[in-house]
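Beneath this line is the structure, given in C-alpha coordinates, with notes to follow.
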Amino acid sequence: MSLSLYDAIIPAYSQILGSTKSVLEKGAQHCKSKGKSPDELLDECIHSDMLPLTFQLHSVMHHTLGALEGVRTGEFGPPGQLEKLDYAGFQEKIENTINTVGAMKAEQVDSWAGKPVVFKLGETQIPFTAEGFLFSFSKPNVYFHATTAYNILRMKGVPLGKRDFLGQLQVKTG
(Lines give C-alpha, C1' and ligand atoms only; values in the text may rest on other atoms or scores of the structure.)
Protein backbone atom coordinates (compact mmCIF):
# COMPACT_ATOMS: atom_id res chain seq x y z
CA MET A 1 0.00 0.00 0.00
CA SER A 2 1.35 3.39 -0.89
CA LEU A 3 0.39 6.45 1.07
CA SER A 4 -0.06 9.71 -0.78
CA LEU A 5 1.04 13.07 0.59
CA TYR A 6 -2.62 14.04 0.88
CA ASP A 7 -3.46 10.86 2.83
CA ALA A 8 -0.53 11.35 5.18
CA ILE A 9 -1.27 15.00 5.99
CA ILE A 10 -4.83 16.20 5.41
CA PRO A 11 -6.71 13.62 7.54
CA ALA A 12 -4.25 14.14 10.42
CA TYR A 13 -4.58 17.92 10.22
CA SER A 14 -8.36 17.65 9.99
CA GLN A 15 -8.47 15.35 13.02
CA ILE A 16 -6.42 17.67 15.22
CA LEU A 17 -8.20 20.80 14.01
CA GLY A 18 -11.53 19.10 14.80
CA SER A 19 -10.38 18.06 18.25
CA THR A 20 -9.09 21.58 18.92
CA LYS A 21 -12.49 22.93 17.93
CA SER A 22 -14.20 20.52 20.35
CA VAL A 23 -11.75 21.26 23.16
CA LEU A 24 -12.44 24.98 22.74
CA GLU A 25 -16.18 24.33 22.85
CA LYS A 26 -15.78 22.41 26.10
CA GLY A 27 -13.69 25.28 27.43
CA ALA A 28 -16.44 27.77 26.59
CA GLN A 29 -19.12 25.56 28.17
CA HIS A 30 -17.03 25.10 31.31
CA CYS A 31 -16.50 28.85 31.70
CA LYS A 32 -20.18 29.60 31.16
CA SER A 33 -21.15 26.98 33.77
CA LYS A 34 -18.87 28.80 36.24
CA GLY A 35 -20.25 32.24 35.34
CA LYS A 36 -16.97 33.27 33.72
CA SER A 37 -16.03 34.48 30.28
CA PRO A 38 -13.93 32.09 28.21
CA ASP A 39 -11.91 35.16 27.20
CA GLU A 40 -10.26 34.85 30.64
CA LEU A 41 -8.48 31.73 29.36
CA LEU A 42 -6.71 33.41 26.44
CA ASP A 43 -3.70 34.72 28.37
CA GLU A 44 -3.21 31.53 30.37
CA CYS A 45 -0.04 29.51 29.94
CA ILE A 46 1.33 26.33 31.50
CA HIS A 47 4.53 27.93 32.74
CA SER A 48 5.87 31.45 32.86
CA ASP A 49 8.40 30.72 30.11
CA MET A 50 5.76 29.36 27.72
CA LEU A 51 3.47 31.30 25.43
CA PRO A 52 -0.27 31.69 26.17
CA LEU A 53 -3.32 29.94 24.76
CA THR A 54 -3.67 32.64 22.09
CA PHE A 55 -0.26 31.75 20.65
CA GLN A 56 -0.98 28.02 20.81
CA LEU A 57 -4.20 28.44 18.83
CA HIS A 58 -2.60 30.71 16.25
CA SER A 59 0.17 28.12 15.91
CA VAL A 60 -2.24 25.23 15.31
CA MET A 61 -3.70 27.17 12.40
CA HIS A 62 -0.31 28.38 11.15
CA HIS A 63 1.18 24.88 11.11
CA THR A 64 -1.82 23.40 9.27
CA LEU A 65 -3.30 25.81 6.74
CA GLY A 66 -0.28 28.13 6.85
CA ALA A 67 2.10 25.22 6.30
CA LEU A 68 0.09 23.98 3.33
CA GLU A 69 0.22 27.47 1.86
CA GLY A 70 3.95 27.53 2.53
CA VAL A 71 4.42 24.29 0.61
CA ARG A 72 2.33 25.68 -2.23
CA THR A 73 4.48 28.83 -2.45
CA GLY A 74 7.76 27.13 -1.53
CA GLU A 75 8.43 29.32 1.51
CA PHE A 76 7.36 29.17 5.15
CA GLY A 77 8.26 31.24 8.19
CA PRO A 78 6.88 32.33 11.51
CA PRO A 79 3.52 34.06 11.41
CA GLY A 80 3.53 37.81 11.04
CA GLN A 81 1.59 40.01 13.39
CA LEU A 82 -0.87 37.78 15.26
CA GLU A 83 -4.49 38.79 14.90
CA LYS A 84 -6.10 39.87 18.18
CA LEU A 85 -9.12 37.62 18.69
CA ASP A 86 -11.51 36.92 21.49
CA TYR A 87 -12.36 33.32 22.41
CA ALA A 88 -15.31 33.21 20.01
CA GLY A 89 -13.07 34.65 17.30
CA PHE A 90 -10.63 31.76 17.76
CA GLN A 91 -13.49 29.30 17.55
CA GLU A 92 -14.63 30.88 14.29
CA LYS A 93 -11.11 30.98 12.87
CA ILE A 94 -10.51 27.30 13.75
CA GLU A 95 -13.80 26.45 12.02
CA ASN A 96 -12.72 28.36 8.91
CA THR A 97 -9.35 26.58 8.97
CA ILE A 98 -11.13 23.21 9.21
CA ASN A 99 -13.27 24.07 6.19
CA THR A 100 -10.36 25.32 4.10
CA VAL A 101 -8.10 22.35 4.88
CA GLY A 102 -11.03 19.98 4.31
CA ALA A 103 -11.68 21.50 0.88
CA MET A 104 -8.15 20.79 -0.35
CA LYS A 105 -8.09 18.38 -3.27
CA ALA A 106 -5.90 15.27 -3.20
CA GLU A 107 -4.52 16.04 -6.66
CA GLN A 108 -3.38 19.48 -5.54
CA VAL A 109 -1.65 18.27 -2.36
CA ASP A 110 -0.14 15.22 -4.06
CA SER A 111 1.31 17.43 -6.81
CA TRP A 112 3.56 19.03 -4.17
CA ALA A 113 5.49 15.79 -3.51
CA GLY A 114 9.22 16.45 -3.78
CA LYS A 115 8.73 20.19 -4.12
CA PRO A 116 11.38 22.36 -2.43
CA VAL A 117 10.26 24.35 0.61
CA VAL A 118 12.46 26.79 2.50
CA PHE A 119 11.83 27.65 6.13
CA LYS A 120 13.00 31.21 6.73
CA LEU A 121 13.65 32.67 10.16
CA GLY A 122 15.56 35.91 9.90
CA GLU A 123 18.83 35.12 8.14
CA THR A 124 18.38 31.39 8.70
CA GLN A 125 17.11 29.36 5.78
CA ILE A 126 16.42 25.64 6.14
CA PRO A 127 15.79 23.73 2.91
CA PHE A 128 13.23 20.92 2.87
CA THR A 129 11.24 18.88 0.44
CA ALA A 130 7.47 19.18 0.90
CA GLU A 131 7.42 15.78 2.63
CA GLY A 132 10.35 16.59 4.90
CA PHE A 133 8.83 19.91 5.89
CA LEU A 134 5.33 18.55 6.51
CA PHE A 135 6.40 15.35 8.29
CA SER A 136 9.35 16.57 10.36
CA PHE A 137 8.45 20.19 11.06
CA SER A 138 4.84 21.12 10.46
CA LYS A 139 3.05 18.01 11.73
CA PRO A 140 5.05 17.79 15.00
CA ASN A 141 4.37 21.50 15.58
CA VAL A 142 0.63 20.96 15.09
CA TYR A 143 0.62 18.22 17.71
CA PHE A 144 2.77 20.25 20.11
CA HIS A 145 0.62 23.37 19.98
CA ALA A 146 -2.70 21.48 20.05
CA THR A 147 -1.45 19.50 23.06
CA THR A 148 -0.33 22.67 24.81
CA ALA A 149 -3.70 24.35 24.18
CA TYR A 150 -5.45 21.22 25.53
CA ASN A 151 -3.17 21.23 28.59
CA ILE A 152 -3.81 24.91 29.32
CA LEU A 153 -7.55 24.32 29.33
CA ARG A 154 -7.17 21.12 31.37
CA MET A 155 -5.00 22.99 33.87
CA LYS A 156 -7.78 25.58 34.24
CA GLY A 157 -10.27 22.88 35.18
CA VAL A 158 -11.96 22.18 31.84
CA PRO A 159 -13.12 18.54 32.06
CA LEU A 160 -11.13 17.04 29.21
CA GLY A 161 -9.78 13.57 28.61
CA LYS A 162 -7.57 11.83 26.10
CA ARG A 163 -10.55 11.11 23.85
CA ASP A 164 -11.17 14.86 23.56
CA PHE A 165 -7.62 15.38 22.28
CA LEU A 166 -7.81 12.48 19.83
CA GLY A 167 -10.96 13.79 18.15
CA GLN A 168 -12.60 11.91 15.27
CA LEU A 169 -10.62 8.72 14.68
CA GLN A 170 -10.05 7.44 11.16
CA VAL A 171 -11.83 4.14 11.64
CA LYS A 172 -12.34 1.45 9.05
CA THR A 173 -15.68 1.63 7.30
CA GLY A 174 -17.46 -1.08 5.38
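Does the stretch 120-130 contain any residue that is in a loop (DSSP other than H, G, I, E, B) and either out of contact with any Pro (no Cβ under 8 Å at 6 or more places or on another chain) or loosely packed, with under 15 Cβ neighbours inside 10 Å (or both)? Write out each step before concluding.
As a first pass, look at the stretch 120-130 and keep what is in a loop (DSSP other than H, G, I, E, B): 122-123.
Remaining after also requiring either out of contact with any Pro (no Cβ under 8 Å at 6 or more places or on another chain) or loosely packed, with under 15 Cβ neighbours inside 10 Å (or both): 122-123.
Within the stretch 120-130, one or more residues are in a loop (DSSP other than H, G, I, E, B) and either out of contact with any Pro (no Cβ under 8 Å at 6 or more places or on another chain) or loosely packed, with under 15 Cβ neighbours inside 10 Å (or both).
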* Only one of these is in contact (Cβ under 8 Å) with a residue 12 or more places away in the chain and exposed (fewer than 11 other Cβ atoms within 10 Å of the Cβ): G157, G114, G174. Name it. => G114
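Regarding V71, is this residue among the β-branched types (V, I, T) and more than 12 Å from the chain's Cα centre (by Cα)? Walk me through how you get there before you give the answer.
Values: among the β-branched types (V, I, T): yes; more than 12 Å from the chain's Cα centre (by Cα): yes.
Spelling it out, V71 is indeed among the β-branched types (V, I, T) and more than 12 Å from the chain's Cα centre (by Cα).
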* Where Q81 falls short, out of the listed (1) within 17 Å of the chain's Cα centre (by Cα); (2) at pLDDT below 95 -> (1)
* To do: Could you check G102 against (1) more than 28 Å from C45 (Cβ to Cβ); (2) more than 14 Å from the chain's Cα centre (by Cα); (3) surrounded by fewer than 16 Cβ atoms within 10 Å (Cβ to Cβ) and say which number it fails?
  => (2)
* Pick out the one residue from T173, T129, T147 that is modelled with pLDDT of 95 or more and over 14 Å from the mean Cα position of the chain (by Cα). => T129
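The values are calculated or read from the model by the stated rules, or taken from the named source; none is laboratory data. No experiment lies behind these values; they were computed from the predicted model shown. Positions of Cβ are backbone-derived with ideal geometry, glycine not excepted, and every protein chain shown enters the neighbour counts.
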